[in-house]
Amino acid sequence: NVLRNPASVHLGHTEHFRNLLDGSTSIVSPDEEFNSGQRWALTSTDRFFVETPGVGRAFVAGYGLSSSGWDGGQKVSGRPGYAWYFGRDSVWTCFAALSYGDYEKVRRTLEFLGRYQDLSGKILHEFTTSGFAHYDSADSTPLYIVLMGRYLAASGDLKFIRGQFPRLAKAIAFCFSTDTDGDHLIENTNVGHGWVEGGKLFPVHTEHYLASCWAAALSEAAAIASGLKKRELSSKWLNESKKVREIVRKEFWNPKTNFFNFGKFSDGTYNVEKTVLPAVGMYLGCAEQEQADACIEEFASSNFSSDWGVRIIGRNNPSFNATAYHGGSVWPLFTGWVSLSEFRWNRPVQGFVHLMNNLLIYKQFAAGYIQEVLHGELFQPSGVCPHQAWSESMVIQPILEGMLGLRVDAVGDEVTMRPYFPPDWESAEVKSIRVGRRMIMLTMQREEGKTTFAFRFSKIESGKKKVKPTKIKFSPRFSLGTNISRIEVGKKSEKRNVLIEHYQDTPDVVFSLWKPVTIVIHHSGGIAIVPPYSHPSPHQSSKGLRVVREEWNNGTYRLTIEMRPDIENSFEVVDRDRRVKVVDGAVLDGRKGELLLLRIKADDALTTASPYIKREVVFVT
């Protein structure tokens, strides 16, 4: 077809991607680098949806060069990268597709996974394009359940879910059957890998990651059962979900390391290694705020974070190997998990830095695409695939579900948004939030003393059928130290007296969207660092700043950062009302409107081989 009529194929692709970009949820910012990277990630994620005649349609995992067997070391023919259908890979990719509104591809993927469900109820790990299935993972089954629940919430498609419910029930039954010791946790033993497939972290009886996925699966299954009026099942699964969450929060927490243990052994002891995997449990809600704070500060440090993403284990771990698949390399997947957990637990600066670490990879190596795995010490590829599905999707999901704080409940006709816009963005537009038969749009405009948010909507389908008002729960995140004095919603005005000491302090604004609505939030003060993400050069080591913590206390803004002592570091801070009087710990080079231009000098006494060191910068207003 391409040879016969290349122009027709080109025009068809052009129309497809134009429609994809126009109809998908996205953020348009003043930063063209952000906008361009987001577009590349969206179109690159979409390319993984594949139809194989006689097999079906779903997301495949990755594209790479063909080789003879694994790494070219076998005589049998290999495959191009990971261009097979994978269980967990497709689920994580579908989470992003749900966030930008492509419900059809998610439904097709659920159908595919359900069609090839094992007789036991287990969901596949790998399915070749020639039709051969592997069922050697433990996490594909609970993740499939999570996806089904999220699909229902986002799409409101009860008819489809009702038809798939027998498959869901079999998947739940299989998971319960793997709890052989009765501790309420599904198991890796004799079931499969949960995440780690080899290396020094493998094996354990139950991974923290797997237990967290199970807690989320039970919760989503309970919501599905409730939607289908199966109240007894819903109550049973919801109660079990609460038990599992409590076990993960209490029994996997290690007060000696101030971190979650990686996994549990069959004798009841734990593998206490610090890994990136607890980010998934935190993202899924299996943590307390203090636990999340401790883990996030570790993730944000130079021990785990490089200029291009997050390592599976820290550099200070004796087992660290920068090239090891599960022993020190950087995966954009891990970086996305951390970003999602940071946004959920109110560390938006770190969340934004990590999503930008992923977004910018498309400019290097396989231009336009994002790698499967990167080296843990040098910015260079270290894996099989130059184009990986969940690497692309982990740009989109942290932007929409994390940064925008977007949750769509089409069943209840409700949208929740907790947006974080970097402090140097004076405006932004959110396009095409799909809720049932309605598309919602949002614009943000900052001016001195106030920020204006304007909501509007349009119908997806024409016709006279009445569209119900959509309930909006809106909580925009303001800079620390901001005083909110008044909130106007349309013609209604309400006095407020709120000081933002933590990012979660912004009050909720709840309203029904049945006509355009403008919200004006009046405020004063506020100070925030502009997220200092890096633009690493290929094959170079990390050089950028790490923001470990932000604090506001009684007029003082404090940054805990890590830096290379042999490199002079520059960064910017937005001082909304120009209230900063004293800066301690950095040189103030000048002001540019609301921006403070700051620099930390290199320490000539320390060599380039010196590790990152911790510094505090204090701003007194």
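In nm, give the distance between the simple-model label positions of residue 183 and residue 512, each being 7 Å from the Cα along the Cα-to-Cβ direction.
Result for the modelled spin labels: 5.0 nm.
Give the accessible area for residue 591 in Å² (nearest 10); use a 1.4 Å probe, count only protein heavy atoms, and leave out ligands, DNA and RNA.
110 Å²
Quote to one decimal, in nm, the extra length available between residue 620 and residue 104 on full extension: 0.36 nm per residue of separation minus the C-alpha distance between them.
180.5 nm
Taking 22 Å as R0, compute the FRET efficiency from the Cβ-Cβ separation of residue 445 and residue 494 and round it to 0.05. List each step's numbers first, then the result.
Numbers: r = 20 Å, r/R0 = 0.92.
E between residue 445 and residue 494, to the nearest 0.05, is 0.60.
Taking a probe of 1.4 angstrom, what is the accessible area of residue 514 in Å², to the nearest 10?
Result for residue 514: roughly 150 Å² accessible.
So for the pair residue 541, residue 47, with labels modelled 7 Å out along Cα→Cβ, what separation do we get in nm?
For residue 541 paired with residue 47, the spin-label model returns 3.4 nm.
Considering only protein heavy atoms, what per residue accessible area in square angstrom results for the chain with a 1.4 angstrom probe? Could the numbers behind the result be given before it?
Working: 25150 Å² over 621 residues.
Spelled out: the 1.4 Å probe surface of the chain, per residue, equals 40 Å².
Just read off the accessible area of residue 269 with the full protein assembly in place, 1.4 Å probe, to the nearest 10 Å².
Its heavy atoms expose roughly 70 Å² to the probe.
Treating the beta-carbon of each Lys and Arg as +1 and of each Asp and Glu as -1, no other charges, what is the dipole magnitude of region 282-411 about its Cα centre, to the nearest 20 debye?
Once rounded to the nearest 20, the dipole reads 280 debye.
If we sort 232-244, 363-375 on the protection proxy, mean other Cβ atoms within 10 Å, highest first, what's the order? Mind dumping the intermediate values first?
Numbers: 232-244: 16.4, 363-375: 20.5.
Put in order of decreasing packing, that is 363-375, 232-244.
Among [x] 78, 68, 54; [y] 76, 67, 50; [z] 69, 67, 61, which one is Cα extents along the principal axes in Å computed from these coordinates?
[z]
Rounded to whole Å, give me the distance from the Cα center of region 508-532 to that of region 355-419.
26 Å
Output wanted: per-residue J couplings in Hz (rounded whole) for region 255-265, from phi through Karplus 6.51 cos²θ - 1.76 cosθ + 1.60, θ = phi - 60°, x for Gly and Pro.
x, 6, 8, 6, 7, 7, 5, 5, x, 10, 8
Nearest 20 debye, what's the magnitude of the dipole of region 97-191 about its Cα centre given +1 on Lys and Arg Cβ and -1 on Asp and Glu Cβ?
Details: 10 positive and 12 negative charges, 124 e Å.
Charge dipole of region 97-191: 600 debye, to the nearest 20.
Considering the options 93, 205, 408, tell which one lies farthest towards the positive end of the dipole of the chain, charges being +1 on Lys and Arg and -1 on Asp and Glu at the Cβ, about the Cα centre.
408
Note the full-extension length gain between residue 459 and residue 236 as 0.36 nm times their separation in residues minus their Cα-Cα distance, in nm to one decimal.
Values: separation 223, 0.36 × 223 = 80.28 nm, distance 3.83 nm.
Gain on stretching residue 459 to residue 236: 76.5 nm.
What residue among 522, 479, 503 has its Cα farthest toward the positive end of the dipole of region 451-532, where the charges are +1 on Lys, Arg and -1 on Asp, Glu, each on the Cβ?
Positive-end residue among those listed: 522.
Could you check the spin-label model distance between residue 269 and residue 323? Points 7 Å from the Cα along Cα→Cβ, value in nm.
3.3 nm
What dipole magnitude, in Debye to the nearest 20, does the chain give about its Cα centre under +1 on Lys/Arg Cβ and -1 on Asp/Glu Cβ?
Working: 74 positive and 69 negative charges, 492 e Å.
So the magnitude is around 2360 debye.
Protein chains only, probe 1.4 Å: how do 439, 417 rank by accessible area, largest first?
Sorted descending by solvent-accessible area, the residues read 439, 417.
Once each part is reduced to its C-alpha centroid, what is the distance from region 135-174 to region 265-322 in angstrom?
Centre-to-centre (Cα) distance: 28 Å.
In whole Hz, with x marking every Gly and Pro, tabulate ³J(HN,Hα) for region 521-536 from phi via Karplus 6.51 cos²θ - 1.76 cosθ + 1.60, θ = phi - 60°.
Result, rounded to whole Hz: 10, 8, 7, 9, x, x, 8, 7, 6, 6, x, x, 7, 9, 10, x.
Ignoring ligands, DNA and RNA, what percent of the accessible area of the chain is carbon or sulfur (1.4 Å)?
50 percent
Which residue, chosen from 331, 7, 555, occupies the Cα position most advanced towards the positive end of the dipole of the chain, where the dipole is computed from +1 (Lys, Arg) and -1 (Asp, Glu) charges on Cβ about the Cα centre?
Of the options given, the answer is 7.
Per 0.36 nm of contour for each residue apart, how much would the distance between residue 176 and residue 229 grow if the chain were fully extended, relative to their Cα-Cα spacing?
16.9 nm
The values are calculated or read from the model by the stated rules, or taken from the named source; none is laboratory data. Since we're looking at a predicted model, the values are computed, not measured. Counting neighbours? That spans all protein chains shown, and the Cβs are built from the backbone with ideal geometry, glycine included. Just the protein is used for accessible areas: all its heavy atoms, side chains included, with ligands, DNA and RNA removed. Shrake-Rupley method; radii C 1.70, N 1.55, O 1.52, S 1.80 Å.
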